[in-house]
Amino acid sequence: MDKTTQQEDTRQWFAMRDLKRRNAKLPAYKMLEGIGIECFTPMVNSFYTVNGKREAHEVPFMQDLLFVKDTRQRLDPIVEATPTLQYRYKLGVQHTPIVVSNADMERFIKAVKSTDNPKYYRLDEITPDMKNRQIRIIGGSLDGYTGTLVTMRGSKVKRLLVELPGLLAAAVEVQPEYIQVI
C-alpha cells in the first residue's frame, strides 16, 4: 500500500471548536478550506440590517462547531499554530478528541444537502414529543434512510430527524410519498 492510500485510510472527521468572534473575517472553516482541508459547518440563514437594508447571510448554526476531515498528524500543527482552533474532547476522557464515524458524517452531510432549509437542533432541544414515529424513506434522494419523523405543531411539512450521535441533529424535508412508517 502506498503512502497516499495509507493517509487516505486514516483520515477521520474530528469535531472542532472555532473560538473566533461571530463577525470574524476569516473563520476557521474558511481558513481550513483555503489550505485544502475538507470541512463541514452546519449553516443557517440569518438576517442583518446593513446600511438600512435587510440582507440574508449564511452563518454557522453553532458558532464554535465545525467538522474537519483529515489525519491527526496533519491537523495537530495547524491547531498548535492557531490559538482559536481547538479539538472538542469527549466528556470525562482526557485528551481524546471527538471523532465522528465516516459513515455517520457522510450520511448527515448528504441529508442536509438534500434540502434547501434544514432545521438544526442541539440534542437538548429535542423533546420526546418530537420523536413519535420511526420511518424509512423509500425512493428519492434519501432512499434507504431510517429515522424519526419530526412532528411540529401546525406544520404541514414532513421532516426526517438525522442525528450525529452525541453532537447535533438536523430535520430535513421529505416528501410524504417516500415515507414508510416502520
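Would you mind calculating the relative contact order of the chain from Cα pairs under 8 angstrom and at least 6 residues apart, reporting the percent as a whole number?
Reported as a whole number, the value is 19 percent.
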Handout entry: Length-normalised contact order of region 3-100 in % [C-alpha pairs under 8 Å, at least 6 apart]
Key = 40 percent
Problem - Residue (of G36, M130, P165) at the positive-pole extreme of the chain, dipole from beta-carbon charges - result: M130
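Give me D for region 3-100 in µm² s⁻¹, whole number, from Stokes-Einstein with Rh from the Kirkwood sum over alpha-carbon pairs, 37 °C and 0.692 mPa s. Walk me through the numbers on the way to the answer.
Numbers: Rh = 14.8 Å.
Diffusion coefficient, whole number: 222 µm²/s.
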Fill in the blank from the handout: Ordered by number, the trypsin sites (Lys or Arg not before Pro) in region 20-55 that occupy a DSSP loop and have at most 15 other Cβ atoms within 10 Å are R21, R22, K25
Exercise for the section: Give me the distance in nm between label points sitting 7 Å out from Cα along the Cα-to-Cβ direction at T71 and K25, one decimal. Expected result: 3.4 nm
Practice task
Work out, step by step, the length gained on full extension between K156 and R136: first 0.36 nm times the residue separation, then minus their alpha carbon distance; give nm to one decimal.
Solution key: 5.3 nm
Practice task
Could you tell me which label, among [x] 1, 7, 14, 16, 15, 13, 11, 9, 7, 5, 2, 1, 0; [y] 1, 7, 14, 17, 17, 15, 12, 9, 5, 2, 0, 0; [z] 1, 8, 15, 20, 19, 15, 9, 5, 3, 2, 1, 1, 0, 0, carries the value of P(r) over Cα pairs in 5 Å bins from 0, in percent calculated for this structure?
Solution key: [y]
Exercise for the section: Per DSSP H run of n ≥ 4, the term is -39500 (n - 2.57); total these for the chain, divide by its residue number, and report the mean residue ellipticity at 222 nm rounded to 500 deg cm²/dmol. Expected result: -6000 deg cm²/dmol
Fill in the blank from the handout: In debye to the nearest 20, the charge dipole size for the chain, taken about the Cα centre with +1 at each Lys and Arg Cβ and -1 at each Asp and Glu Cβ, equals 560 debye
Exercise for the section: Subtracting the Cα-Cα distance from 0.36 nm times the residue separation, let me have the gained length for R122 to I37 in nm, one decimal. Expected result: 28.1 nm
Exercise for the section: Report, in whole Å, the centroid distance computed from the Cα atoms of region 11-44 and region 68-110. Expected result: 11 Å
Fill in the blank from the handout: Taking H57, H95 and counting other beta carbon atoms within 10 angstrom, the fewest-first order is H95, H57
Practice task
List L167, L19 from most exposed to least, where exposure is judged by having the fewest other Cβ atoms within 10 Å.
Solution key: L19, L167
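No lab work stands behind these numbers, since they all come straight from the coordinates. Values in this document were obtained by computation on a predicted structure and should not be read as measured data. Note that we place each Cβ from the backbone using ideal geometry, even for glycine, and neighbour counts take in every protein chain shown.
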